[in-house]
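Just below is one structure, and these are the notes that go with it.
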Amino acid sequence: MADHPKGDGVVAPGIDTTRPSVARVYDYALGGKDNYEVDRALYRQILEIAPETPEWARENRRWLGRVITWLARDAGVSRFIDAGSGLPTAQNTHQIAQGFNPAAEVVYVDNDPAVIAHGRALLLDNAQTYFTAADLTRPDDVLGDPPVARLLEAGEPVALVMALMLHHIPDTNQTREIMQKYLEVLPPGSYLAISHAGNPRDGSPAAELATVIEDKVKSSFPNLRFRTPAEIGSFFGDLELLEPGVVRLFEWAPPGGEAPDDDLQADARRVLYGGVARKP
Ligand SMILES: C[S@@+](CC[C@H](N)C(=O)[O-])C[C@H]1O[C@@H](n2cnc3c(N)ncnc32)[C@H](O)[C@@H]1O
C-alpha cells in the first residue's frame, strides 16, 4: 500500500473527499497514490477482516492481463472498451493491447471524478486511446458517446471488459437488462470479459468471508453485491462462454494459453470470479 499518498494535497473539482470512492479505495489496495484518508480508513477496516485483499486486487489485474494479452495477441481483437476502468495503474489495457498491436484502440469508461480527471490527461498522451465519462447503468449514454459509437461503427469485433464493476449495480435483474443492451450492439465475433466479487453461498470459507466483507462495507458502499458464480454467469446472456467458464480468477486461463497463478491455488478464501465469452 501507498506510504505517501498524493491524494490529500490539491483536490480536483468534483472529488468528494468526505466519502470513500470505490475507484480510490481500489487504487489504495493496489499501492496507488490517488486516494484520501477517508478511502484508506475504510480499507484499513477491510484489512482487519481480510488481510489478503491487496493480493486479490493484484490477482484481478493479473487476470485482466491474461485476458487482454490473449484477446490482442491470439484472438486478433484490436478494439477494446474497458468499462469501469478505474484509476491508471501498472499495465493498463491500452498498454497491454498496444504492446501486441500498436494499432489497437481502447476506450475507457468510468464515472468517478478522479478517474475522469486522469482519463482526460490520457487523451493527450495516446492517439488511439479515448475516454468516455458516463454512467454504465445508462447504456444509451455510453453507447451514444462518440468514442464508443465510433469503435462499434466499424462492425469489427470488440472486447467489452467489465472488471470488478458489475458488482456495483445492486439489482441482479437490472444488471442483466443493462448487459443485454450492451450485448445486442456488439458486432459478431466480439468478446465480453467480466470479473466480479463472488459469494458461492455454500458454507465454504470463501462464502463465509464474502458475507463478512459484504456486511462490513454495507454502510460505505450500499450498492456492492457479491454474487454466486451462476448469477455472474447470467450476465453473459446468450454468448458462448469460453472454457473454463466462470471460475475464481486464479483458475482462469485463456484457451490453450498460459497456466494460471499456481502459487494462489491453495487459497480457499479467494472470492473474485470471472469469465470470458464470445458472441457468435
Ligand atoms: C474496483 S474498480 C475496478 C477498476 C478496474 N476495472 C480493475 O478491474 O482493475 C471499479 C470501477 O468501476 C467504476 N464504476 C462503478 N460503477 C460505475 C458506473 N455505474 N458507471 C461507470 N463506472 C462505474 C468505479 O468508478 C471504479 O473506477
(request) Mind jotting down the distance between the C-alpha centroids of segment 63-118 and segment 146-202, whole Å? (result) 14 Å
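For segment 55-278, would you read off the P(r) tail past 22 Å as a percentage of all alpha carbon pairs?
49 percent
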(message) Considering only protein heavy atoms and a probe of 1.4 Å, how much of the accessible area of the chain is carbon and sulfur, as a whole percent?
(response) 50 percent
(message) Suppose all protein chains stay in the model; what accessible area per residue would a 1.4 Å probe give for the chain, in Å²?
(response) 43 Å²
(message) Give me the percent relative contact order of the chain, please, defined on Cα pairs under 8 angstrom at least 6 residues apart.
(response) 17 percent
(message) What's the magnitude of the charge dipole for the chain around its Cα centre, counting Lys and Arg as +1 and Asp and Glu as -1 at the beta-carbon? Answer in Debye, nearest 20.
(response) 140 debye
(request) Tell me which residues come under 5 Å, amide H to amide H, from TYR108 once H is placed; ignore anything under 5 positions away on its chain. (result) ASP82, TYR130, PHE131, THR132
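The values are calculated or read from the model by the stated rules, or taken from the named source; none is laboratory data. The shown structure was predicted, so the numbers you read here are calculated from the model rather than taken from an experiment. Note that each Cβ is placed from the backbone with ideal geometry, even for glycine, and that neighbours are counted across all protein chains shown. Protein only, heavy atoms only, side chains kept; ligands, DNA and RNA dropped before computing areas. Shrake-Rupley method; radii C 1.70, N 1.55, O 1.52, S 1.80 Å.
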